[in-house]
Every structure is written in structure tokens, then in C-alpha cells.
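Have a look at the structure below before the remarks.
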Amino acid sequence: MTFAEQLPIVLRSLNTGFLQTLRLFFVTLLGAIPLGLLISLGTMSRLKALKGFLKIVVWIVRGSPLMIQLLIIFYFPGLVWKNNIWGSGESGRFLAASVAFIINYACYFSEIFRGGIQSIPAGQEEAGLVLGMTRTQIFFRVKLLQMVKSVLPPISNEIITLVKDTSLARIIALQEIIWAGQAFMKSSEGISGAIWPLFFTGIYYLAANGILTLLFSRLEKKLSFFRA
Amino acid sequence: MAVLEVEHISKRFGRTEVLRDISLSLEKGKTLSIIGSSGSGKTTLLRCLNFLETPDTGVIRVNGETLLEMPDAKNKRQRESELRRKRLHFGLVFQSFNLFPQYTALGNVILAEELLAKDTEEWKQDKAAVRKRIEEHARGLLVQMGLEDRMKNYPHQLSGGQCQRVAIARALALGPDILCFDEPTSALDPELTGEVLRVIRDLADQNTTMIIVTHEMAFARDVADQVIFMDEGCICEQGDPKEVFCNPKEERTRRFLSRFMEE
């Protein structure tokens, strides 16, 4: 098969894989941002037990490889309870991968959010309290936007890393883009021993992160109307 | 009748006694200046009045209503909403302004009043009308502060003096019984203190009840109806400004004032 003949076959396969990559990316983002915010509020809570528990969770999750976490979350229920709670096939793998990624990224996000919230001067909270605002109102109406502005650069870093980290889900055979590219190294759809499809996946990641970088610089510009 | 009565307030941070048995009272429409060196407890006293700190002992009464009565232990279970209502008797202008950076000057003044209005029946019936009334009120206050052409500016676009005047308008918006100032000009460049002192003086002329912690001695003497000199957490001397400034009875007051007069 000539390269010209291989190209459409490979692209179709890579596109399908990339769709799964994007799915995992967006699900992780949607889950990890709110969960990360909750964890960050928990680690700043006055309840010592909650605070201690969350600190340990964050330590474990940040301190061990995501790849191991994926394996444990995927296989553990089946090994211990003889019950695969994730369901079978690709959808089961996707569910397990989503849970692992959401927990992992939420922990990283939580530390960034905590830094962002704690960098807001105490005077902001005090000004709100003196004006009779509740702590909830102060958080949403005063602190949140200042926090978002200050965490934007580190968060954009994490999000760009997330795009690439989705490839780790290959370890539980999630059919994302690296998995799709790798298939052609052995044999797939009449193509065998081809490594270039794997190299080609890099272009997808670059394109996705190019768009994200533009999006973040636009967001930063949007928030430049005020200075903290 | 005294609008504010403070009786036997004490406060310690760890082993340091910051306030020792402070008692004072303030008549409606009068201005009280609190002077004293750094660390004498002036700011802590203001923060206690605004419930940013909880005194260990003592009573605070506004218009005869007891806001705080804690014979010994701190009562942390005071309900938040109750606390918020009580807070509104006081307004506080901070040394470092503490404006909300993501709101315009007008937005800063409107925010709290609008949030409070959301609990009312009127809000449910006609939001637009309530919003309009609050905005008009805020605009009026900013005009009074001489900021009619600065309403749409964000804090970082304003000078320190303008920021502090926005902060004063914001504190006035909720109509506090007593407006407190915590060294309102200490963070300002010298050439900007005048504009802030001028609006405070105007407020005094309009019989706004105020407590002003300040290092501006001449201002304290001219504007206040009553002066308190604090030293090491105690009220060392209090009385009519002319008496305290020109004829201090206490040696410590004399020493403090002479340091300032030399400058």
C-alpha cells in the first residue's frame, strides 16, 4: 500500500481515537474544576478532621503516578469484590479512566485554587463583612473572580498537560489517539509495521493545545479590566 | 442620648493585652478622634466595634441595644445573620481602602446595598425599581465625594485619594449609625490627604456620627468634638480636644503630643 493509500485509512482511525481523547479531556475538565474547588475549600476549612483527610488524599494522589492510579481504579473493584463496577468494553474503560483523571486533576487544581484564594488580601473579606455580606456572598461576588484571574496561568499549564496526559489511559486499553496510532505498528486495516501514524498523533496534540493557548490568552485579556 | 456606649472592653492576643478595660460613649452627630502611638490598641478597638475582632469581655450598646455581652467566654455561636444585622450599625473605612478591584467606583458603592435589598419584599415585586433607587443613591454619594466623573472607573484607575473617597461613599451607602475611620490618610501620598480630610470634615459639618483613628493631630483637634488618647491598651486621657491638645493633664499625653508637635 502506498502512503497516499494509507493516509485516509490512518486519518480516519486517528480521528476516532482523538474523539475519545477529547471526550476524556472535557469530562475531566468538567469534573475536576468543581471538585478541585470543593477540595480547596475543604483544605481551608475549620473542621480539622476534614482538612486532615483531604490533605492526605491530595498527598496520595499527587504523590503517586497517574498510571498506577488508573490501573488501581480500573482493576481494584473486580479483584476485590469480583465485580466489575465499571461495566464492560470501551464504555467501562472510559468510565474508569474518567474517574481516575477527575480525582487526579481535582487534587492538582485544588492546590492551585487554594494558592489563588489565599493570595487575596484579608482586607477584601473584612470589607465585605463590614458591609454586612455573608461569607458565601463574599466568596462568589468578591473573591472568586480575583482568584480566577490569579490562577489562570497555572491552570492553563495544567490543562495543556491534561491534553497530553489523556494518553496514559492507553494503559487500560482506552481507545484514544495513541492507542489508535500504535495499532498500525503491528497490523490494522491492512497496514502493518507503520510507525509514522504514531508520530503523526503529535500534530493532533499540537493543534489542540494551540487552540487552548489562544483561548487562554483571550481569557486573560478579558480579565485585564481590573487589577488585583 | 448616647448613640454608642462601650463598657469595660478588654482584649488579649495570646499573652499581650491589647485593650484594657476600655469604656467610652459618643453622642449622636458628634465626632470622636482617637489618637495614640502605634500599638496602643486604637485599631483593635475599631475592629472590635465592627466585629472583626471579638472582645474577651465588655459590652457594646448602640441606641440602647446591647450588641455584645460576653461576661467572660467568647460566644462564637452568635448567629451569623444576627451578627450581620448588628454590624450594619457601624461603617468602617480602612487604611488601605480595600475596594473590590473588579467593580467600578459605582459598583463598589452599589454591591452591598443591592445584596441586602434582595431579601426584601420590594425586591421580589419590582427589581428594576429597587436597582434604580440604589444606583441613584450611590451616584448621589459619589457626587457628594466629588467623584461625579469617576463613577465608571475601576479602582486601579483611581488615585489613592479618590479610592479612599469611594470607600467612604461605600461605607455611607448602608446608612450606618456610626462611621469609623481607621487611619484613613496613612496610606496616602501627602498631597492627597487634603481631599480625604476635606470630605470627612464635610461629614462632620453634616453631623455624621464618627469615630476617627488618626495620626493627623491638627485634623483631630479641629474636627473632633471629643478626643481620646490611648496608650498601651488603655484610655489614658479623654475630653474636649482643646483641653487635651492644649492642656493635657497626663504626662504620657504631653510626651506623645510634644513628639508630634516637633515634626
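Assorted remarks:
- Taking the criterion of being among the aliphatic types (A, V, I, L, M) and either surrounded by fewer than 15 Cβ atoms within 10 Å (Cβ to Cβ) or in contact with an Asp or Glu (Cβ under 8 Å, 6 or more places away or on another chain) (or both), the residues of the stretch B:205-247 that qualify are B:213, B:218, B:227, B:228, B:244.
- Residue satisfying all of: in the stretch B:92-107; closer than 25 Å to residue B:48 by Cβ and more than 7 Å from every other protein chain (Cβ to nearest Cβ); surrounded by the fewest Cβ atoms within 10 Å (Cβ to Cβ) among these: B:95
- Whichever residue in the stretch B:111-121 is at pLDDT 90 or above and within 11 Å of chain A (Cβ to nearest Cβ) and, among such residues, is surrounded by the most Cβ atoms within 10 Å (Cβ to Cβ): B:112
- Screening the stretch A:28-78 for residues that are touching a residue at least 12 places away in the same chain (Cβ under 8 Å) and among the charged types (D, E, K, R) and picking the one that is nearest to residue A:105 (Cα to Cα) gives A:62.
- Test set (1) at pLDDT 95 or above; (2) of a type in the set (D, E, K, R); (3) farther than 28 Å from residue A:186 by Cα - residue A:48 fails condition number: (1)
- When B:80, B:65 are screened for being facing chain A (nearest Cβ under 9 Å) and modelled with pLDDT under 90, only B:80 passes.
- Among residues of the stretch B:180-203, those that are away from every other protein chain (no Cβ under 11 Å), within 13 Å of the chain's Cα centre (by Cα) and not aromatic (Phe, Trp, Tyr), counted: 5
- Residues (closer than 17 Å to residue B:211 by Cα, touching a residue at least 60 places away in the same chain (Cβ under 8 Å) and surrounded by fewer than 21 Cβ atoms within 10 Å (Cβ to Cβ)) located in the stretch B:184-200: B:186
- Scan of the stretch B:138-168 for residues that are outside any helix (DSSP H, G or I) and either within 17 Å of the chain's Cα centre (by Cα) or more than 14 Å from chain A (Cβ to nearest Cβ) (or both), ordered by number: B:145, B:146, B:147, B:148, B:149, B:150, B:151, B:159
- Taken together, the residues in the stretch A:152-184 that are under 22 Å from residue A:34 (Cβ atoms) and either surrounded by 21 or more Cβ atoms within 10 Å (Cβ to Cβ) or not polar (S, T, N, Q) (or both) amount to 12.
- Take the conditions (1) at pLDDT 90 or above; (2) within 13 Å of chain A (Cβ to nearest Cβ); (3) part of a helix (DSSP H, G or I); residue B:85 misses just one of them, which is (1).
- Here the condition is being surrounded by fewer than 17 Cβ atoms within 10 Å (Cβ to Cβ) and small (Gly, Ala, Ser); of A:132, A:115, it holds for A:115 alone.
- Checked against (1) within 11 Å of chain A (Cβ to nearest Cβ); (2) free of Cβ contacts under 8 Å to residues at least 40 places away in the same chain, residue B:124 meets all criteria but (1).
The values are calculated or read from the model by the stated rules, or taken from the named source; none is laboratory data. Values in this document were obtained by computation on a predicted structure and should not be read as measured data. We place every Cβ from the backbone using ideal geometry, glycine too, and count neighbours over all the protein chains shown.
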